[in-house]
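Beneath this line is the structure, given in structure tokens, with notes to follow.
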Amino acid sequence: MHDEKMFALADELKALRDLKADLEAQLKDTNAKIDDTDYRLSEVMAEDEVQNFTRSGIMFCLTTKTRASAAGGLKDELFVALRENGLGDIITETVNANTLSSTVKGLIEENDDALPTWLDGLVNVFDKTTVSVRKSTKH
């Protein structure tokens, strides 16, 4: 009977999504612990002026990486300054995949269910059928 197969697959999908949520929470927690432990170890190594050491066959090296990001709200100004100083080639534009998908879907709906010709060859459009899972209000 299809109901039994459908319900078994529904139960499996729900269990897998729950497992994924648990794993994502564990990963987030583990990444925070890694960052904290890395910071504390680097502090101890710097205080003791130890550049590197080996423990259990693993070498731990104190390294410093310079990181930079645009100051809050000044991304456009940063891009102008980079371009004016011959560094425009390091600027990359991106489009969020979900935003592009929803925008293209809206454009298709507004264009009699057809992709606007100005997007022909510029985007790949496909439908993906999935099962959404949410708590039921019925019990």
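The values are calculated or read from the model by the stated rules, or taken from the named source; none is laboratory data. Remember, predicted model here, so these are calculated numbers, not experimental data. Glycine also receives a Cβ, built like all others from the backbone with ideal geometry; neighbour counts cover every protein chain displayed.
Inside the stretch 1-38, residues that are small (Gly, Ala, Ser) and under 21 Å from Ser136 (Cα atoms) make up a count of 4. With respect to the conditions (1) farther than 30 Å from Val123 by Cβ; (2) in a loop (DSSP other than H, G, I, E, B), Ser69 lacks only one, and its number is (1). Within the stretch 73-86, take every residue that is at pLDDT below 95 and in a loop (DSSP other than H, G, I, E, B) and give me the one that is surrounded by the most Cβ atoms within 10 Å (Cβ to Cβ). Top of the filtered list is Leu74.
The residue list Glu93, Glu12, Glu24, Glu4 contains one member that is in a helix (DSSP H, G or I), out of contact with any helix residue (DSSP H, G or I) (no Cβ under 6 Å at 6 or more places or on another chain) and surrounded by fewer than 10 Cβ atoms within 10 Å (Cβ to Cβ), which is Glu4.
Conditions tested, residue by residue: (1) closer than 30 Å to Leu13 by Cα; (2) surrounded by 10 or more Cβ atoms within 10 Å (Cβ to Cβ); (3) assigned by TED's automatic domain parsing to the domain that holds Met6.
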position	(1), (2), (3)
Gln51	no, yes, yes
Phe60	no, yes, yes
Asp112	no, no, no
Pro116	no, yes, no
Val123	no, yes, no
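Residue check: Val125 meets all listed conditions (1) in contact with a strand residue (DSSP E or B) (Cβ under 7 Å, 6 or more places away or on another chain); (2) part of a loop (DSSP other than H, G, I, E, B); (3) among the aliphatic types (A, V, I, L, M) but one, namely (1). Any residue at all in the stretch 65-72 that is surrounded by 10 or more Cβ atoms within 10 Å (Cβ to Cβ) and of a type outside the set (A, V, I, L, M)? No: the stretch 65-72 contains no residue that is surrounded by 10 or more Cβ atoms within 10 Å (Cβ to Cβ) and of a type outside the set (A, V, I, L, M).
Contact annotation: residue pairs with Cβ atoms under 7 Å, 6 or more positions apart or on different chains, pairing a residue in the stretch 85-114 that is free of Cβ contacts under 8 Å to residues at least 40 places away in the same chain with a partner that is outside any helix (DSSP H, G or I), are Val104/Val123; Val104/Val125; Leu107/Pro116; Ile108/Ala114; Ile108/Leu115. Here Phe126 does not fit the description of being in contact (Cβ under 8 Å) with a residue 12 or more places away in the chain and among the aromatic types (Phe, Trp, Tyr). Within the stretch 31-49, being surrounded by fewer than 11 Cβ atoms within 10 Å (Cβ to Cβ) and polar (S, T, N, Q) holds for Asn31, Thr37.
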